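I have placed the structure first, in the form of structure tokens, so that the comments after it can refer back to it.
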């Protein structure tokens, strides 16, 4: 134990006394500054060394109501909160059945790719549109999204022009990407899997979006809107976007996979 410090710990359980794997904790001081944070071990437990003092503890986990508690840690002492039981959170209300559309002003379609095995290059597509038909049973819903391939933007014109060329997206021959899905699977809490067909660069493959539904809200004009975040990973070779050059040490200049990151808001179709 470091001089002038002590330990704080707890074990995180669900309502049937099973460990909550993947629980996240954050320990904050009296000024609200995070002192230490991390995840629980496979047994739902965590322990951290902190300077002697008074602390607030926040425990969060997907699908559960957050827990907040306090602990006083003395010099060379162990302050245990014991077993912390998380309660299952009510999932957010789902959108009403009917026709909805993506609201592009408050939505984004982004991506991240590796460069020379080290840095990450971030980009986005500035032009896209999408429609959703929400069914009475959301699992039977459908969506169709179209992305303008030429709207790719990494904030470097020379790189963007190369990405639009025949070496990569070949936007003259394949001006759009399209995603169509009729498979929405509830994975519990606010998590959904949306599986569909992605057509890109003249090739169609099955892709699954790992989506987090964020709930309903009202815009500045009082209109109802719903929001979600989603990610997926694409492999360039699957869509024959396989241009590559190697550095002198045999390192690929561009990684083989691309992470897609979506932040989407939808509104009822007018």
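Computed from the C-beta positions of residue 106 and residue 21, the FRET efficiency with R₀ = 30 Å rounds to 0.30.
Once a ≥ b ≥ c are taken as the square roots of the eigenvalues of the Cα gyration tensor of the range 5-85, is the result rounded (a/c under 1.5), prolate (a/b larger than b/c) or oblate (a/b not larger than b/c)? Prolate, because a/c is 1.5 or more and a/b exceeds b/c. Note on residue 131 and residue 54: the model spin-label points, each 7 Å out from Cα along the C-beta direction, lie 5.9 nm apart. Compare 99, 153, 161 in a GNM of the chain, Cα atoms joined below 10 Å, and give the one with the largest fluctuation. In the Gaussian network model the winner is 161. For Cα extents along the principal axes in Å, which listed value, (1) 71, 40, 35; (2) 103, 36, 32; (3) 68, 57, 35, comes from the coordinates shown? This structure yields the entry labelled (3). From helices alone, the chain scores -1000 deg cm²/dmol at 222 nm; the rule is -39500 (n - 2.57) for each run of n ≥ 4 DSSP H residues, then divide by the residue total.
By the beta-carbon count within 10 Å of each Cβ, the least crowded to most crowded order of 270, 150, 70, 141, fewest first, is 270, 70, 150, 141. Label sites at residue 195 and residue 157, each approximated as a point 7 angstrom past Cα along Cα to Cβ, lie 4.5 nm apart.
Ordering 34-43, 226-235 by mean Cβ neighbour count within 10 Å, with the highest value first, yields 226-235, 34-43.
Is the range 88-160 best put as rounded, prolate or oblate by its Cα gyration tensor, with a ≥ b ≥ c the root eigenvalues, rounded for a/c under 1.5, and otherwise prolate when a/b is larger than b/c, oblate when not? Prolate shape, in that a/c is at least 1.5 and a/b is the bigger ratio. For the options 80, 256, 107, a Gaussian network treatment of the chain with springs between C-alpha atoms closer than 10 Å singles out 80 as fluctuating the most. Once you have a ≥ b ≥ c as the square roots of the Cα gyration tensor eigenvalues for the range 73-125, tell me rounded if a/c is under 1.5, and otherwise prolate or oblate according to whether a/b is larger than b/c. Oblate, since a/c reaches 1.5 and b/c is not below a/b. Each Cα pair under 8 Å and six or more residues apart adds its sequence gap; the mean of these over the residue count of the chain is a relative contact order of 16 percent. Using just the Cα positions, wrap the range 122-270 in a convex hull and report its mean projected area in square nanometres, one decimal place. That works out to 11.0 nm², a quarter of the Cα hull's surface. Each of 158, 85 has some number of other Cβ atoms within 10 Å of its Cβ, and from fewest to most they run 158, 85. Legend: ranking of residues 31, 1, 143 from fewest to most surrounding C-beta atoms inside 10 Å; resulting order 31, 1, 143.
Applying 1/(1 + (r/R0)^6) with R0 = 35 Å to the Cβ-Cβ distance of residue 33 and residue 261 gives a FRET efficiency near 0.75.
Please identify which residues in the range 126-144 have an amide N closer than 17 Å to a label point set 7 Å out from the Cα of residue 187, following the Cα→Cβ vector. Flagged as within label range: 139. Taken along the Cα-to-beta-carbon direction at a fixed 7 Å, the label points for residue 83 and residue 9 span 1.6 nm.
Laboratory data are not the source of any read-out in this text; all were calculated from the coordinates shown. Predicted model, so just to flag it, every value in this text is computed and none were measured. Note that each Cβ is placed from the backbone with ideal geometry, even for glycine, and that neighbours are counted across all protein chains shown.
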